[in-house]
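Here's the structure we're looking at; comments come further down.
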Amino acid sequence: MTDDFVPKDAAATETAAIVTEVNDEGVVLDRTVFYSRGGGQPGDTGVFEWDGGSVAVTDTYRRAGVVLHVVDGVPPAEGTQITARIDWERRHTLMRTHTALHVLTAVIFRDFGAKVTGGNMEPGRARMDFELDSISVEFGKQVEERLNTALAQEHEVSVQFMPRSDALADADLIRTKVNLIPEAVDPIRVIEIGDIDKQADGGTHVANTREVGSVRVVKTESKGKANKRMRIELSSGTEPSTAPSSAG
Ligand SMILES: [Zn+2]
């Protein structure tokens, strides 16, 4: 089983690792800092380097619990000692995007009582669907203003591992359907953004909402009854408050 650093340390950008398996789908390592796609967040990209070679990693995903790194080129052979390094700029932009989405869902629930029905993100842009009866350009502007106000309040973002029984009894987590998480998952990973949002979540986030910068609502559209879509885009880069580091 791969020792996965991502859940505990979103700022780990590289690690020494050993190739434990190479198959048709990808490369398996004994340890990794690559995020495997899930929860609307794309898998990491980056590079593997070893004595006498290197190859680009174009995607990371999980199948039956195994983290598979997809490479573009000749993979390192089983047993090779490598350095595995993510594309930190892309990942940090995804972290900003992911945190922005959590704050967006919190603002819309707090001020309009609407829950999320779905969503997706790519670096710097995302869409999210809400159980809203109507949506308009004016509504989008209003949400944009409230979202940016919340981000500018510099809320700390924390990662906790909560015993499943505690998570199931937590009022904030009940709202985000924590009971639908498979029973085998214990403890449950929880992302808390100041006092404005708390969700069970497997993704990577920035350490403080100021790192997100400002966000624009670029489109609002109807996707049917009680299903309205909002598209957001991030402004250009911000400095990470946590410096990227090596894992372990
Ligand atoms: Zn999330």
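The values are calculated or read from the model by the stated rules, or taken from the named source; none is laboratory data. All figures in this text were calculated on a predicted structure; none of them were measured in a lab. For neighbour counting, all protein chains shown are included, and Cβ atoms are generated from backbone atoms with ideal geometry for every residue, glycine included. All accessible areas refer to the heavy atoms of the entire protein, side chains included, with ligands and DNA or RNA removed. Shrake-Rupley method; radii C 1.70, N 1.55, O 1.52, S 1.80 Å.
Taking amide H as placed 1.01 Å from N in the peptide plane, THR20 has its amide H under 5 Å from the amide H of VAL28, LEU29, ASP30, GLY79, each at least 5 places away in sequence or on another chain.
In order along region 23-39, phi translates into HN-Hα couplings of 10, 4, 8, x, 10, 9, 10, 6, 8, 8, 10, 8, 7, 8, 3, x, x Hz, rounded to whole numbers, per the Karplus curve 6.51 cos²θ - 1.76 cosθ + 1.60 with θ = phi - 60° and x for Gly and Pro. Here is how the number arises for the chain: DSSP H runs of 4 or more residues each give -39500 (n - 2.57), the sum is divided by the residue count, and the result at 222 nm is -6500 deg cm²/dmol. Among GLU145, GLU25, GLU122, the largest mean-square fluctuation in a Gaussian network model of the chain (Cα springs under 10 Å) belongs to GLU25. Be a star and scan region 1-45 for residues whose amide nitrogen sits under 17 Å from the point 7 Å along the Cα-to-Cβ vector of ALA64. Label zone hits: 1-2, 20-29. Evaluating 6.51 cos²θ - 1.76 cosθ + 1.60 at θ = phi - 60° for every residue in region 157-170, the Karplus couplings come out as 10, 10, 10, 10, 10, 10, x, 3, 5, 5, 4, 5, 9, 8 Hz, glycine and proline recorded as x. If you run the Gaussian network model on the chain, springs between alpha carbon atoms under 10 Å, then out of ARG91, ARG146, ARG125 the most flexible one is ARG146.
Between ASN120 and ASP172, the simple label model (points 7 Å from Cα in the Cβ direction) yields a spacing of 3.0 nm. Taking every DSSP beta bridge that has both ends in the chain, the antiparallel portion is near 95%. Atom-type composition of the exposed protein surface of region 55-115 places 49 percent of the accessible area on carbon and sulfur (1.4 angstrom probe).
Phi-derived couplings, Karplus 6.51 cos²θ - 1.76 cosθ + 1.60 at θ = phi - 60°, listed residue by residue for region 183-193: 4, 5, 7, 6, x, 9, 7, 10, 9, 10, 10 Hz, with x used for Gly and Pro. The long axis of helix 88-112 is offset from the longest Cα principal axis of the chain by roughly 20 degrees. Whose amide H sits under 5 Å from the amide H of LYS223, counting only residues 5 or more places off or on another chain, with H placed in the peptide plane? Those lying under 5 Å, H to H, from LYS223 are LYS228, ARG229.
Over the chain, give the accessible area per residue in Å² for a 1.4 Å probe, as an integer. Each step should come with its number before you reach the end.
Values: 11900 Å² over 248 residues.
Heavy-atom SASA per residue in the chain reads 48 Å².
Spatially, region 56-105 and region 184-227 are offset by 20 Å when compared through their Cα centroids. Run the accessible area of region 128-248 with a 1.4 Å probe and give the carbon-and-sulfur part as a rounded percent. The value for region 128-248 is 48 percent carbon and sulfur by accessible area. Relative contact order for the chain: 21 percent, from Cα pairs under 8 Å spaced at least 6 residues apart, divided by residue count. Across the chain, the fraction of Cα-Cα pairs farther apart than 33 Å, rounded to a whole number, is 23%.
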